[in-house]
């Protein structure tokens, strides 16, 4: 069985592992969803971002004003 291995478009090294980070997806300056970012472990260029379907939904309630 042959494993498919990608090449980083920036540094040209094989991508066998990636750094994974949670980020917030923004639409017109407003946060809309929690996402996952994948980046190269060698040069840290972002290889992709996707919506995190397993994340808990963000609270839409605004905190009560403090007097």
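The values are calculated or read from the model by the stated rules, or taken from the named source; none is laboratory data. Everything quoted here is computed from the prediction, not taken from an experiment. Because the Cβ atoms are built from the backbone with ideal geometry, glycine has one as well, and the counts that use them run over all protein chains shown.
Scanning the range 1-19 for residues that are touching a strand residue (DSSP E or B) at 6+ places or on another chain (Cβ under 6 Å) and within 23 Å of residue 55 (Cβ to Cβ) gives 18, 19. Taking the criterion of being out of contact with any strand residue (DSSP E or B) (no Cβ under 8 Å at 6 or more places or on another chain), assigned to a loop (DSSP other than H, G, I, E, B) and modelled with pLDDT under 95, the residues of the range 30-55 that qualify are 53, 54.
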